[in-house]
Amino acid sequence: NAKAEGRNTTCFYAEELTERAQRRLDLAQEMRQGLQRGELIPYFQHQVDLTTGRVVGIEALVRWHHPERGLLTPGAFIPVAEEVGTMAALGEDILLQACQQGRTWLDQRREFGRVAVNLSAAQFHNGDIEKTVRRTLEQTGLPAQCLELEITESTIMDLSPRTLERLAALRRAGVSLSIDDFGTGYSSLLYLKRLPINRVKIDRGFIWDMGTTPESRSIVDTILQLAHVLGLEVVAEGVETIQQRDQLIDAGCRVAQGFLWARPEPHPHLRCCSAQASNDPP
Ligand code: C2E
Ligand code: MG
Ligand code: MG
Ligand code: MG
């Protein structure tokens, strides 16, 4: 009867919930182990100046070399890490590794501009992020101007005094800030004026169909115009075709990132600084 069925359903859900909770706990445990064993590492993707072709930045994107499940991209573990509370530890680890790598590139006189590291909402809101950043820079010897932090629009959307103060504190530490996935949040374009940031990254959703969808093209144009009025740099994300690149150049976009130039890789190709090259014998 209906009552018995109802009870069974409840039981079934309870069991499923327990199983899900258990899987989460397993994953949290696995991730802590993975972090200790160095299975989680940053890959890097170039950001290219469209007018000169030079690399002006390089974004760290985490990958998990999982012993059983192979190479995992963030979509497979970041949402869970956020739920089970391992995201802060993961974020700090990637920040450290990315800064170490940046320091190595400096020592090798590689041209990389800045290392850009993604910050999760948890890292931004819960921890003492400014201290963590300062400590990591000190520990690795990476100059602050070689580090950029990417923060998504949704992380800072509240525009609370606390959020604004935190952003300002990061800027005082000397790092630059960019708004990631710009255009996907619900905030007004005008709120950019109030933020102490250096750059906005146009979400790849708009770049993707810019050629076929006039609305996307208009959004890209509008973001570029407003950013320039406000003195902000713009990075276009997810550029895959020459047509997209050319349209971006026409629209006045200076910097872009995407498969057209490189995929995220553990050992990206970076050329030596020209300063070094000019000292070399011909
Ligand atoms: P995101 O920061 O917006 O990074 C851009 C994503 O677009 C990356 O996906 C990158 O691999 C992908 N991408 C780059 N160029 C192209 C292209 O031309 N076409 C297409 N289709 N995709 C492109 P990925 O590596 O899977 O990372 C996904 C998201 O995970 C990132 O989005 C970022 O929000 C998050 N994430 C990655 N690493 C970290 C990290 O260390 N910490 C935190 N908190 N989040 C991270
Ligand atoms: Mg990013
Ligand atoms: Mg993005
Ligand atoms: Mg994204």
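If one takes the longest principal axis of the Cα atoms in the chain, at what angle in degrees, from 0 to 90 and to the nearest 10, does the Cα axis of helix 87-107 lie?
Orientation of helix 87-107: about 20 degrees from the principal axis.
With r as the distance between the Cβ atoms of Arg23 and Asp107 and R0 = 41 Å, compute the FRET efficiency 1/(1 + (r/R0)^6) and round to 0.05. Before the final figure, lay out the partial values.
Details: r = 43 Å, r/R0 = 1.04.
Between Asp107 and Arg23 the formula returns 0.45.
How high is the relative contact order of region 17-115, in percent, with contacts defined as C-alpha pairs under 8 Å that are six or more residues apart?
Taking the mean separation of contacting Cα pairs over the length of region 17-115, I get 29 percent.
Which log10 I(q)/I(0) values does the chain give at q = 0.10, 0.13, 0.16 Å⁻¹ under the Debye formula, counting every alpha carbon as one identical point scatterer?
Reported log10 I(q)/I(0), two decimals: -0.59, -0.94, -1.32.
What accessible surface, in Å², does a 1.4 Å probe find on Cys146, ignoring ligands, DNA and RNA and rounding to the nearest 10?
The value for Cys146 is about 20 Å².
Could you work out [θ]222 nm for the chain from helices alone, using -39500 (n - 2.57) per DSSP H run of at least four and dividing by all its residues? Round to the nearest 500 deg cm²/dmol.
Taken over the chain, the calculation gives -14500 deg cm²/dmol.
Through the Karplus equation 6.51 cos²θ - 1.76 cosθ + 1.60, θ set to phi - 60°, convert the phi angles of region 128-133 into ³J(HN,Hα) values in whole Hz; use x for Gly and Pro.
8, 4, 5, 5, 4, 5
Considering only Gly231, Gly258, Gly174, give the residue with the highest GNM mean-square fluctuation for the chain, with springs between Cα atoms whenever their separation is below 10 Å.
Gly231
Of Arg194, Arg263, Arg217, which has the largest mean-square fluctuation in a 10 Å C-alpha GNM of the chain?
In this elastic network of the chain, the residue with the biggest mean-square fluctuation among Arg194, Arg263, Arg217 is Arg194.
So for region 65-152, taking the charge dipole from beta-carbon charges (+1 Lys/Arg, -1 Asp/Glu), which of Leu90, Phe77, Gly113 sits furthest toward the positive end?
Farthest along the dipole direction, towards plus: Gly113.
Please give the net charge around His125, taking every other residue with its beta carbon less than 13 angstrom from that of His125, where Lys and Arg add +1 and Asp and Glu add -1.
-3
List the residues of region 96-119 whose backbone N lies under 14 Å from a point placed 7 Å from the Cα of Gln139 along the Cα-to-Cβ direction.
Hits in region 96-119 for Gln139 at 14 Å: 96-101.
If you count only protein heavy atoms and use a 1.4 Å probe, how large is the accessible surface of Ile242, to the nearest 10 Å²?
My reading of the accessible area for Ile242 is about 90 Å².
Can you tell me the orientation of helix 2-36 relative to the chain, as the angle in degrees between its alpha-carbon axis and the longest Cα principal axis, to the nearest 10?
That works out to roughly 40 degrees.
Can you sort Asp180, Asp107 by 1.4 Å-probe accessible area, starting with the largest?
Asp107, Asp180
With Cβ to Cβ distances under 9 Å as the rule, what net charge do the other residues near Ile179 carry (K, R +1; D, E -1)? List each step's numbers first, then the result.
Details: positive: Arg199, Lys201; negative: Glu150, Glu153, Asp180, Asp181.
It works out to a net charge of -2.
Hey, in the GNM for the chain with a 10 angstrom Cα cutoff, which one of Arg199, Arg63, Arg37 fluctuates hardest?
Of Arg199, Arg63, Arg37, the most mobile in the Gaussian network model is Arg37.
What residues from region 34-59 fall in the zone where the backbone N is under 16 Å from a label point 7 Å along the Cα-to-C-beta line of Arg271?
Output list for this probe position: 46-57.
Leaving ligands, DNA and RNA out of it, report the carbon-plus-sulfur percent of the accessible area of the chain at a 1.4 Å probe.
Result for the chain: 51 percent of the exposed heavy-atom area is carbon or sulfur.
Determine the percent antiparallel among the DSSP beta bridges restricted to the chain, to the nearest 5. Show your work: numbers first, answer last.
Values: 16 of 39 bridges.
Roughly 40 percent of the DSSP beta bridges within the chain come out antiparallel.
The values are calculated or read from the model by the stated rules, or taken from the named source; none is laboratory data. Here the structure is a predicted model, which means the values were calculated and not measured. All Cβ positions, even for glycine, are placed from backbone atoms using ideal geometry, and neighbour counts span all protein chains on display. In case anyone asks, the SASA skips ligands and DNA or RNA and just uses the protein heavy atoms, side chains included. Shrake-Rupley method; radii C 1.70, N 1.55, O 1.52, S 1.80 Å.
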